[in-house]
Structures are given as structure tokens and as C-alpha cells.
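The values are calculated or read from the model by the stated rules, or taken from the named source; none is laboratory data. Bear in mind that the values here come from a model prediction, so they are computed numbers and not experimental data. Every residue, glycine as well, gets a Cβ built from its backbone with ideal geometry; the counts of neighbours run over all protein chains shown.
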Amino acid sequence: MTTPDIAAIRANFPSLTQDQVYFDSAGGSQILGSVVSSLVTHYTVTNVQLGPTYTAAQAALRNYKAGWAAAADYLNCKPEQIVFGASTTQLLRNLVNALQFDKDDEIVVSIIDHESNIAPWLDLAERQGLVVKWWKPETLTGDVSGLLPLITEKTKLVAVTHASNVLGNVNPIKEIAKVAHEKGALLSVDGVAYAPYRPIDVADLDVDFYVFSWYKVFGPHISTLYASPRAFPRIRSLGHFFHDTNTLEGKLGLAGAAYEFVQAIPVVTAYLAPEETRRAIDANHTAILRPLLEYLASDPDKFSVYGGTELHAGRLPVVSFSVKGWSSRKVCEGVEEVSNFGIRWGHFYAPRLVGEVLGRLEDGLDGVIRVSFAHYNSVDEVERFIKVLDSVLSKSPEA
Ligand SMILES: Cc1ncc(COP(=O)(O)O)c(C=O)c1O
């Protein structure tokens, strides 16, 4: 694998000239300079309502439609199969309000997920009298052997994440989809933590719902939901009575999405499209992940690493750990006091995982420390971070 030209990659991101190292990409990525330019162009040239026939409005509509086409193309589906919304949280809330199941139908939800892919399904279950089955994995490295037997002929929907925003491991979605469909269930996948790192092909994955947020993929703060032809007839329209119900936008769009953000999507997908960009992204992720995993694995008495320290194909550059005797907050504050590394601690909106599974929210514990990279981070940054962390931890936790 060729070594990525990290300086060339970084030149695409204007914020990276600041004296701040961004190790919080699972929270949100930095934005492409080309996206910023596209937003400025929109605001200064085509900032009008869609629909009228005058020149600027026609251009705005063309750009908006190009945004839908680019997002659909990126996911390998049709524009009428997607809808944009303010956030993944919002889109999933809209979705569950548009689904109807029968009393006593079963749904399977996953305890390792971000709450935005749990709470809406629990709400749906409560309102419609559904039975909730929880998947609590035995291991935290993408092994779904405990999930598959939960899916039976009674199951109508399975909601699971593509990758954990805490553990950094990828779930085998195709395998889950196969079992779900054999049993007649729909599969809803939260792709937010996966999307910054790998391409997405909803047709190949054979999922029924897939949702992710562009602000973690170097773009603007907007999200996209896909629905399969299998799932589409199950969605009732939340739109006005005169809206088209042949498209997901017509059913769930609710007055359209932020024009400026939608029209910028082709800029994001153009950046990600070239094979060589993808190769560089993959190569750099492995290169930056390795030193941190090796460092944390070198002292198992001191560090607990959630999601494992093995650098396997399904390992994304999101690393959560805790340090024996240290509060996670104190570690982060110690790092911030002496350096410009931006990391964070807590439950990351996955309190069921961090609390019930990892046991890191009980007895005054304050969650885990999460270090998450993007492809614009460098090995040099990671090596400097390890030195800083090591020196912070060489002091007493009470200091
Ligand atoms: C795995 C995962 N799912 C869902 C979300 C929620 O996304 P949004 O902020 O777009 O609602 C996040 C946000 O961090 C996430 O990491």
C-alpha cells in the first residue's frame, strides 16, 4: 500500500492550519474547504426559494437536485429512495412515527448502539405494544453470533449500528440482513460511525433503512435516510395531503431540507470518489491507529481498551479506553493542560453500552476516554499524543 500524502490531504481542510489537533472525529469531522466555498456561493448567488421560474431559482433547484442525485449515487440507490433531514436523530424519530406494526410483534434492538438508534424504537414499541428483545453482545469486536438467534418469525424489525461510535468495530450487516430477511423482518442500520471511514452500498448490504450524517463525513450538518423498496410501502406519509407519496422525500421530507447543505453534497462525494482517495484514507487509518493500539496494549494492567487492541479489517480508528485509578475526565483535562490535543470523555450518547456493558458509569465513574481519528490526522500527531498521555499518566491521578 502506498504511503498517503498527508500534507496534500490536509490542504483540503482549512481548519487544520489552527493550533488544535482534532482527535474527536467520531463527534464530528472537519469540513472540506470546497464545501465552505460551495456554501458561500449558494448564499451569495442562489439563496432563493425553490419553485419560481426566474434564473436564480432555476439554478438553485438544479443544484438542490444535484445534491439528491449525488447522495443517492453515493449510497448506490435512487434519489426517490432517500430523504435529507436535520440529523440522524431527527430522521429516525420521523421514521418510527411513520411505521405501523401489530401488537405483540417483536423488534430487536442493540444495547451497544448510540441512543438515537434505540430510543425511537423503544418509543414505537411502547406506543404499539411491541415486544422488545435486546441484543447484548458477548464480545465487543463485531461478533453477532448472539444477535442472529434473537431474530425469529415473530421479529418484524431489527435495529443495529453498522459500527459502534465507542468501540470502533464494524458489524457484519450483510450477514444480519440475510437472517432478518429470511425471517421476514426489516433491518434498520445506523451508519453514522461507519460512514466517515468506508464507502456505503445499500444495495449490496441489502438493508431496509440506512441513515448517516454528513457532518461526520467532511460535509455540512445534514443527514440522509435511505428506505428500500421492501420497506417503502410500510411507511405512511407524514407530509401534507397534496404531497407526492411516491418518494421518501414526499413521505418524510416535511418541507424540504436545508438547501445550502443539500446543494453542497456533490462536493463531498466528489472528494471521496477517486479510488486513490479511498486507498489513501484506508492506508492512513491503519497507519495512525497502529501506534495508539500498540501503546495501549503494552500495559494491560493500566489500560482497559474497549473494542480490543487488535488491528483487524473491521477495526475503525475510534479508540475508547480507561486508565486504572484515573477518572476519564482527569485524563482528558491533564492532556489539555499541556497540549493542544482535542479528545473527550463520557458515554457519547451510548450510556447503555458505557454504563450497563462496560460498567463505566457506576460508583462515580465518568465513562471512557475516546480518541477518534480522521484520515487527515497524521502518525506524527499520534506519536506526539502518546508521549503527552504517557507523561500525564506518570503523575499521580490525584495531582
Ligand atoms: C453512531 C451514532 N449514531 C447516531 C448519532 C446521532 O447523529 P446526529 O447527531 O446526526 O443525530 C451519532 C452522533 O454522534 C452517532 O455517533
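Within the range 1-36, the set of residues being over 25 Å from S320 (Cβ atoms), hydroxyl-bearing (S, T, Y) and either touching a residue at least 12 places away in the same chain (Cβ under 8 Å) or crowded, with 20+ Cβ neighbours inside 10 Å (or both) comprises T2, T3, S34. Beta carbons closer than 6 Å, at least 6 apart along the sequence or on distinct chains, pair a first residue in the range 37-63 that is under 10 Å from Y259 (Cα atoms) with a second that is of a type in the set (D, E) for L39/E260; H42/E260.
Quick check on P291: is it touching a residue at least 12 places away in the same chain (Cβ under 8 Å), closer than 27 Å to R10 by Cα and not acidic (D, E)? Before you say what the answer is, go through the steps one by one.
Details: touching a residue at least 12 places away in the same chain (Cβ under 8 Å): yes; closer than 27 Å to R10 by Cα: yes; not acidic (D, E): yes.
Taking the combined requirement at face value, the residue satisfies it.
Every residue, every condition in (1) within 16 Å of the ligand (Cβ to nearest atom); (2) buried (at least 21 other Cβ atoms within 10 Å of the Cβ); (3) without any contact (Cβ under 8 Å) to a residue 60 or more places away in the chain; (4) more than 26 Å from N97 (Cα to Cα), yes or no:
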site	(1), (2), (3), (4)
F212	yes, yes, no, no
A231	no, no, yes, no
I235	no, no, no, no
F261	yes, yes, no, no
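Taking the numbered list (1) within 16 Å of the ligand (Cβ to nearest atom); (2) crowded, with 24+ Cβ neighbours inside 10 Å in turn, R198 passes all entries but (2).
Scanning the range 8-49 for residues that are within 16 Å of the ligand (Cβ to nearest atom) and either touching a Leu at 6+ places or on another chain (Cβ under 6 Å) or not hydrophobic (A, V, I, L, M, F, W, C) (or both) gives Y22, D24, S25, G27, G28, S29, Q30. Which of the residues belonging to the range 106-157 are of a type in the set (G, A, S) and away from the ligand (no atom under 16 Å from the Cβ)? Hits for the range 106-157 are A125, G129, S145, G146. In the range 248-288, what residues are in a helix (DSSP H, G or I), modelled with pLDDT under 95 and touching a Leu at 6+ places or on another chain (Cβ under 9 Å)? Once the filter is applied, which keeps residues that are in a helix (DSSP H, G or I), modelled with pLDDT under 95 and touching a Leu at 6+ places or on another chain (Cβ under 9 Å), the range 248-288 yields R278, I281, H285, T286.
Residues of the range 95-123 that are within 16 Å of L238 (Cα to Cα) and either among the charged types (D, E, K, R) or over 18 Å from the mean Cα position of the chain (by Cα) (or both): V96, N97, A98, L99, Q100.
In the set (1) within 15 Å of the ligand (Cβ to nearest atom); (2) among the charged types (D, E, K, R); (3) modelled with pLDDT under 95, the condition left unmet by D244 is number (1). Does at least one position in the range 216-223 carry a residue that is in a loop (DSSP other than H, G, I, E, B), near the ligand (Cβ under 10 Å from one of its atoms) and within 14 Å of the chain's Cα centre (by Cα)? Yes, that holds for at least one residue. Only residues that are surrounded by fewer than 23 Cβ atoms within 10 Å (Cβ to Cβ), within 16 Å of the ligand (Cβ to nearest atom) and under 25 Å from A180 (Cα atoms) were counted across the range 76-87, and they come to 0.
Does any residue of the range 237-248 turn out to be hydrophobic (A, V, I, L, M, F, W, C) and in contact with a Gly (Cβ under 9 Å, 6 or more places away or on another chain)?
yes
Restricted to the range 300-399, the set of strands (runs of 3 or more DSSP E) holding at least 1 residues that are among the basic types (K, R) and modelled with pLDDT of 95 or more comprises 344-346, 368-372. When T245 is tested against (1) part of a loop (DSSP other than H, G, I, E, B); (2) surrounded by fewer than 24 Cβ atoms within 10 Å (Cβ to Cβ); (3) touching a residue at least 12 places away in the same chain (Cβ under 8 Å); (4) touching a helix residue (DSSP H, G or I) at 6+ places or on another chain (Cβ under 7 Å), just one condition goes unmet, and that condition is (3).
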